């Protein structure tokens, strides 16, 4: 009898088609390519000082640690679903202290997955794990980009300070020349005072930049999870990126994005949850067995086996409501997945456009800066040996300062756009 029940259960388990279908990506009017291998962040951010800061942030940042713990929780939930396929076994003992009778027993139960309820639950747990892994990667990528952006902001402030200090030195020379011309009767107090006023304004700006540098260092230290410290760093002028970052085509890379992978994993979870809700309309088959021993007597154990089939009767209304809820959530997940794909393509194209625009401005502003530098040099010579108006000197030097600061702004914009592009293309490999 016991053997026949087990054989019957095995046949039913193998032959029953159940309510289980492997998830397949739905047909969407948005192209969703296969995932590619993203460029590691170490290949993009080659500055050793920046790499050290990113390593520190990845080891200490709270948000990333929380995301990784959620991955561990999802892994444990997925592991638990494997145990649902196994029989449960419990042991019990009892005795009469006055009569001296002692007995022990074993009870076993095994739920047969006829209609895919357990398989759907396991598949949903696997998809949920994949979603959490993608979410953790998204947090990781955002952290890397945030540290890099804050670091480059600091380099930009350093460049602005260097330009201010060089310009102050030039103003000292200009003031000295104007005072000499004044002594020779070739100019007046107004020229000297105007030049000194320009220098004072630039000194105030330089002091403000020094304060911004200190604040930026403190913010970057907090971002990597450390107390304020003097951050070692390179120069903005030495920053460069590999060509591979800009060679990626948008629609070849969007599937590598963590948010795209997370959205599709959420859709898969919803699909399996819907299938699980549908399987609730079908009966459950559970095999149970028991063995009892009377320890005070030399007798064979008493065996019993039972197969029970339970079907929902009064709960069909609740099951229908649960199915409708699951179907609605599945459709919501499908719409979110589609929108995520649309957003991904848009963000890649926008980031590429920003990169190209910033690179073009750097080229134009560099030519302008070189022309203005020559103009300043010639005007200063003319001021020494001719009647050139001092206002021309002030205007030329201010224009040169603006052009140099504009190049710094353009470089920083290119760096920020590259970080946006890097995230839009998937955020890098582990």
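The values are calculated or read from the model by the stated rules, or taken from the named source; none is laboratory data. Because the structure is predicted, anything quoted here is derived from the model rather than measured. Quick reminder, even Gly has a Cβ in these numbers, built from the backbone with ideal geometry, and neighbours come from all protein chains shown.
So which of 365, 300 ends up being more than 28 Å from the chain's Cα centre (by Cα), modelled with pLDDT of 65 or more and farther than 28 Å from residue 123 by Cα? Explain how you work it out, then say what you get.
On the way: 300 fails: modelled with pLDDT of 65 or more.
Result: 365 is the single residue among 365, 300 that is more than 28 Å from the chain's Cα centre (by Cα), modelled with pLDDT of 65 or more and farther than 28 Å from residue 123 by Cα.
Taking the condition in contact (Cβ under 8 Å) with a residue 40 or more places away in the chain and crowded, with 21+ Cβ neighbours inside 10 Å, does residue 148 pass? It is true that residue 148 is in contact (Cβ under 8 Å) with a residue 40 or more places away in the chain and crowded, with 21+ Cβ neighbours inside 10 Å. Residue 242 meets each of the listed conditions (1) loosely packed, with under 14 Cβ neighbours inside 10 Å; (2) in contact (Cβ under 8 Å) with a residue 60 or more places away in the chain; (3) under 15 Å from residue 49 (Cβ atoms) apart from (3).
This table checks each residue for (1) assigned to a helix (DSSP H, G or I); (2) surrounded by 17 or more Cβ atoms within 10 Å (Cβ to Cβ); (3) free of Cβ contacts under 8 Å to residues at least 24 places away in the same chain.
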| residue | (1), (2), (3) |
| --- | --- |
| 344 | yes, yes, no |
| 356 | yes, no, yes |
| 360 | yes, no, yes |
| 381 | yes, no, yes |
| 391 | yes, no, no |
| 396 | yes, yes, no |
| 402 | yes, no, yes |
| 406 | yes, yes, no |
| 420 | yes, yes, no |
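Of all residues in the range 65-74, those satisfying the criterion of being surrounded by fewer than 18 Cβ atoms within 10 Å (Cβ to Cβ) and over 16 Å from the mean Cα position of the chain (by Cα) are 72, 73.
Given the options 142, 124, name the one that is surrounded by fewer than 18 Cβ atoms within 10 Å (Cβ to Cβ) and within 31 Å of the chain's Cα centre (by Cα). I'd like the intermediate steps shown before the answer.
Numbers: 124 fails: surrounded by fewer than 18 Cβ atoms within 10 Å (Cβ to Cβ).
Answer to the check: 142.
Restricting the range 43-58 to residues that are modelled with pLDDT of 85 or more and farther than 12 Å from residue 147 by Cβ leaves a set whose member that is surrounded by the most Cβ atoms within 10 Å (Cβ to Cβ) is 46.
On the given criteria, is residue 158 out of contact with any helix residue (DSSP H, G or I) (no Cβ under 6 Å at 6 or more places or on another chain) and at pLDDT 90 or above? First the steps, then the outcome.
Numbers: out of contact with any helix residue (DSSP H, G or I) (no Cβ under 6 Å at 6 or more places or on another chain): yes; at pLDDT 90 or above: yes.
So residue 158 passes the test.
Taking the options 37, 62, name whichever one is surrounded by fewer than 14 Cβ atoms within 10 Å (Cβ to Cβ), under 30 Å from residue 221 (Cα atoms) and at pLDDT below 85. Explain how you work it out, then say what you get.
On the way: 37 fails: under 30 Å from residue 221 (Cα atoms).
Of the residues listed, the single one that is surrounded by fewer than 14 Cβ atoms within 10 Å (Cβ to Cβ), under 30 Å from residue 221 (Cα atoms) and at pLDDT below 85 is 62.
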